[in-house]
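Structure first, commentary second.
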Amino acid sequence: MSSPLRTSPQPPTLDHEISALQSKIKTLKSALALQASTLLTSPSTLALLSSDPKLTSQSSLHQSHHLQTLYRTCATLTLFRAQDPDPNAVDAGSILGLRIEVVSRAKFLRPYYVLFNRPWASSSSFPGPQRKWLRVHRHTVPSCIPLSGLAARYLPSPDKDDTRRKQDLGKFARGVRREVVRYHARLGTVADLRKAAGLGRGGDGGDKSGLVDISPADAEVRHVSVEWGDGRTGRLVIGDDGEVEKLVVVGENGRDREAGRELLGGLGLAGTVKAEEVVRRLAGTGGA
Amino acid sequence: MSRISVPTTAPLPSSLRVNPSSTTVTKILSRLSRASLISVALDWLDEDNLSLATPYLRPDQDDDEEEDDGDFYPPASSPEELREEYLSLQNRKGSKRDILDRITTGDWRHGVSLYQLAIADLQYLYDHPTSQKWSAYNIVPLKAPTEDDDGEVQPLEADKTSLTIPRFHPSLFLKSLQAQILPDIKAHYNLDRHKTLPLLILRIFVIDSPYNTPLSLSSNRNMDTGSKTILIAFPDGSPNIFISKPTSTGPKGASESKSLRALLVEGIPKALSLPRQRVTLQSTSLTTRNLEGLLDRRGATRGNAAGGGWSIYADEKVKESPLSTVLPSPPLSDAAEEEEQGNGDKKRRKRPTVEERVNKRARLVAQARFGDTARVGDGKGVERVDLVMEDPFEIGGDDADRMDIEGEDDGEEAFRPNVRLTFHGSHVFAGIRQLVECGVIDGEKMPGWMTGEEGVTIGAVRNGRIRGHKGSGL
């Protein structure tokens with residue numbers, strides 16, 4: 001107990017100095033990489049680079065990377081190729097990857113990946129085009145996203161007799177992205193609701209609004225349970241487009257419609273109010 | 001206390017007391033350590049639990065004759081006093097036997113309630129996380145029932161195209177599960193949150209008796225021959241459910257507990273179903289004693305369908321923002337490794353010897369095949385993997401033949417020896433990884449099922465892949 005007290009007023013030791021220098025090296029290195037990348041891709045330097053083959057190859061690498069990040073930022077659905085390390089993998093281990101970008105709280109999250117293979121590529125029992133059909137091989141989508149349902153709808157397995165069957169990767173990708181974005185929007189809404197009601201991370205009660213807890217009540221974060229300090233509890237169902245689909249508040253004497261109307265504001269009719277408006281209302285009453 | 005026992009369909013109430021001398025009570029309590037016993041007793045004496053775990057206290061009126069009854073464990077006068085007593089026991093040394101005796105013949109001589117037993121049982125699970133064998137089941141929505149021409153209802157099929165994720169509401173689930181339990185057995189339910197893992201644990205304690213009165217519990221026959229315990233865990237944010245193997249106290253064990261489990265596997269989906277939204281349970285061929293490992297493979301993480309080397313796609317620590325314009329260094333490349341190791345040892349780089357290069361290569365291959373999974377200390381190991389090989393025995397066949405085996409070659413009977421593989425150990429896949437790292441297994445030729453990327457512990461291997469799991473088992 002006594003030793004840290006004794007050392008703290010002393011000047012920083014050599015170890016501190018070393019770690020400070022190392023962190024400085026790190027920042028300088030990343031700054032250098034950033035500068036180099038910026039220089040290599042700016043149009044004014046491109047004209048100067050044309051003589052050096054090493055620099056031009058570097059520059060083209062950087063440029064293609066820039067293009068990729070541009071697509072990733074704007075289209076948010078991008079494809080890439082990968083190789084399955086399993087020596088017994090189907091189709092010689094060719095993998096098609098789908099990258100889904102998600103923005104949450106003004107930040108790009110780690111993208112979600114869906115990786116496809118072509119298990120029917122070498123089987124002669126299917127007509128030509130069906131052999132190229134894809135199948136979800138691996139994915140990193142959370143289990144509360146109905147990926148298998150979407151795959152069964154848009155990426156069915158081939159069938160010799162059923163020629164009307166079609167795979168639609170575009171629809172599948174858009175479907176998955178829609179679900180993922182909705183899921184993160186709902187998560188964000190619940191966090192906003194908590195913030196607006198003055199509920200901290202530690203779960204200490206916000207006495208301004210009388211609410212003591214707001215938390216997701218199911219895997220998909222469609223249902224949100226709301227608890228008041230006086231024992232009333234409520235359930236809020238968030239719809240696909242962020243609207244409050246249903247709201248039930250139950251107090252000591254059965255259903256408490258008044259409280260529900262108060263929370264929703266306006267006419268107090270579920271289905272007409274967006275969850276963000278509830279957030280705004282809560283924040284408003286909290287501030288007043 | 002009612003005088004006559006009437007058969008009922010209600011569950012056993014939590015406050016129902018069990019004779020402390022019955023084998024069930026001693027069995028549950030005596031397997032706890034001394035420290036755990038004290039903490040359990042303190043848990044019972046907590047304000048919130050006191051109503052369901054009332055200790056035997058000194059009655060107020062007979063204060064005068066307190067000394068002369070020769071009681072070895074004189075009853076305390078208030079729960080607070082008892083709490084103090086147990087707190088002081090915590091600091092003292094002594095044997096487990098003392099505490100056990102104190103509980104069963106002293107402070108809870110009038111009976112240990114079912115709620116108390118549930119708490120004690122869960123404490124055992126916290127003390128010995130690998131004491132239960134869990135099987136993972138997937139909750140799958142069912143199609144709406146259809147009728148054929150004769151008006152008969154067809155057996156329900158799993159609805160593969162459904163986009164609904166089954167929802168779980170604890171109290172509603174318990175209510176409908178109770179309706180599914182047969183009237184000739186009685187069950188006690190206790191829901192609790194796991195202390196460290198994102199799980200909700202339901203403990204079901206079943207006895208063979210149609211009554212839910214203390215009398216049915218006090219007769220030792222019911223309590224000792226026909227009581228069984230089964231644990232069900234619901235992971236947060238994931239449509240999966242883990243069911244433990246039932247443990248029974250009676251001599252007639254195996255077949256009965258199997259039937260109880262079958263009964264529950266049948267009853268749970270019905271209890272989880274909502275009107276117009278039926279679900280069923282599907283086995284996911286994953287059985288292990290390690291709850292943390294189960295959560296890693298069937299929980300709410302990204303790694304569920306991206307095990308082994310694919311875990312690099314699921315690693316949330318990797319920053320991969322599309323707004324960063326810096327050229328990323330591919331994983332396993334020299335630049336990435338330098339970053340990892342720090343930049344101190346750059347100057348003493350000399351030409352590596354052949355052995356060093358081979359070692360490094362093996363390490364890199366292991367890293368590529370296993371990613372960041374299957375580390376010895378990660379606590380996510382499975383202890384047993386059973387596989388059946390269904391591949392024909394190859395006599396000098398080259399790789400080109402292997403791809404064609406799929407359908408057509410089945411005409412001529414190939415030699416298929418019956419080979420079963422069982423891997424056994426504290427962390428099976430970490431062991432395989434270590435063998436790859438030291439070069440015993442050739443990591444590049446190793447089949448994919450040896451990396452554990454399928455996330456199953458029971459499977460059949462065909463064409464070098466686990467059958468039915470060409471991918472994530474979708």
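The values are calculated or read from the model by the stated rules, or taken from the named source; none is laboratory data. Since this is a predicted model, take the numbers as computed values, not measurements. Note: ideal-geometry Cβ built from the backbone for every residue, glycine included; neighbour counts use all protein chains shown.
Within region B:287-314, the set of residues being over 23 Å from B:Ile201 (Cα atoms), among the aliphatic types (A, V, I, L, M) and either more than 14 Å from chain A (Cβ to nearest Cβ) or outside any helix (DSSP H, G or I) (or both) comprises B:Ala305, B:Ala306. Can you tell me which residues in region A:105-127 are more than 19 Å from the chain's Cα centre (by Cα) and either surrounded by fewer than 20 Cβ atoms within 10 Å (Cβ to Cβ) or within 21 Å of B:Ile312 (Cα to Cα) (or both)? Answer for region A:105-127, where residues must be more than 19 Å from the chain's Cα centre (by Cα) and either surrounded by fewer than 20 Cβ atoms within 10 Å (Cβ to Cβ) or within 21 Å of B:Ile312 (Cα to Cα) (or both): A:Phe116, A:Asn117, A:Arg118, A:Ala121, A:Ser122, A:Ser123, A:Ser124, A:Ser125, A:Phe126, A:Pro127.
Checking the structure you have, find out if any residue of region A:128-139 is over 21 Å from B:Gly448 (Cα atoms) and either surrounded by 20 or more Cβ atoms within 10 Å (Cβ to Cβ) or at the interface with chain B (Cβ under 8 Å from one of its Cβ atoms) (or both). Within region A:128-139, one or more residues are over 21 Å from B:Gly448 (Cα atoms) and either surrounded by 20 or more Cβ atoms within 10 Å (Cβ to Cβ) or at the interface with chain B (Cβ under 8 Å from one of its Cβ atoms) (or both). Is it true that A:Ser30 is without any contact (Cβ under 8 Å) to a residue 12 or more places away in the chain, closer than 29 Å to B:Leu323 by Cβ and at the interface with another protein chain (Cβ under 8 Å from one of its Cβ atoms)? Spelling it out, A:Ser30 is indeed without any contact (Cβ under 8 Å) to a residue 12 or more places away in the chain, closer than 29 Å to B:Leu323 by Cβ and at the interface with another protein chain (Cβ under 8 Å from one of its Cβ atoms). Whenever a residue of region B:131-158 is at negative phi, its partners that are aromatic (Phe, Trp, Tyr) and at pLDDT 75 or above, lying with C-beta atoms within less than 6 angstrom and at least six residues away or across chains, give the pairs B:Trp134/B:Phe242; B:Ala136/B:Phe242. Residue-level check: of (1) at pLDDT 90 or above; (2) more than 9 Å from chain B (Cβ to nearest Cβ), A:Arg164 misses just (1). For region B:161-173, residues that are surrounded by 16 or more Cβ atoms within 10 Å (Cβ to Cβ) and touching a residue at least 24 places away in the same chain (Cβ under 8 Å) total 5. Scan region B:1-32 for residues that are modelled with pLDDT of 75 or more and over 26 Å from the mean Cα position of the chain (by Cα) and the total you get is 8. Screening the candidates B:Ile181, B:Ile139, B:Ile165 for the property of being at pLDDT below 80 and under 25 Å from the mean Cα position of the chain (by Cα) yields one hit, B:Ile181. Being farther than 30 Å from A:Val224 by Cα, within 11 Å of chain B (Cβ to nearest Cβ) and of a type in the set (Lys, Arg), is that true of even one residue in region A:175-186? Within region A:175-186, none of the residues are farther than 30 Å from A:Val224 by Cα, within 11 Å of chain B (Cβ to nearest Cβ) and of a type in the set (Lys, Arg). When B:Thr280, B:Thr284 are checked against the criterion of being among the hydroxyl-bearing types (Ser, Thr, Tyr), at negative phi and within 13 Å of another protein chain (Cβ to nearest Cβ), B:Thr284 stands alone in meeting it. Take the residues of region B:430-446 that are among the aliphatic types (A, V, I, L, M) and outside any helix (DSSP H, G or I): which is farthest from the chain's Cα centre (by Cα)? My answer is B:Val440.
Out of the residues in region A:72-104 that are in a helix (DSSP H, G or I) and more than 17 Å from the chain's Cα centre (by Cα), which is surrounded by the fewest Cβ atoms within 10 Å (Cβ to Cβ)? Checked region A:72-104; the qualifying residue surrounded by the fewest Cβ atoms within 10 Å (Cβ to Cβ) is A:Ala92. Could you grab the pairs with beta carbons closer than 6 Å, sequence gap of 6+ or different chains, first residue in region B:433-458 and over 21 Å from B:Ile312 (Cα atoms), second one assigned to a helix (DSSP H, G or I)? Cβ pairs passing all conditions: B:Gly439/B:Ala362; B:Ile441/B:Leu435.
If only residues of region B:73-104 that are in contact (Cβ under 8 Å) with a residue 60 or more places away in the chain and outside any helix (DSSP H, G or I) are counted, the one that is surrounded by the fewest Cβ atoms within 10 Å (Cβ to Cβ) is B:Ser95. Answer yes or no: is there a residue in region B:248-265 that is of a type in the set (Asp, Glu) and at pLDDT 80 or above. Looking for residues that are of a type in the set (Asp, Glu) and at pLDDT 80 or above, one finds none in region B:248-265, hence no. Only a single criterion out of (1) surrounded by 13 or more Cβ atoms within 10 Å (Cβ to Cβ); (2) without any contact (Cβ under 8 Å) to a residue 60 or more places away in the chain; (3) within 22 Å of the chain's Cα centre (by Cα) is not satisfied by B:Tyr189, namely (2).
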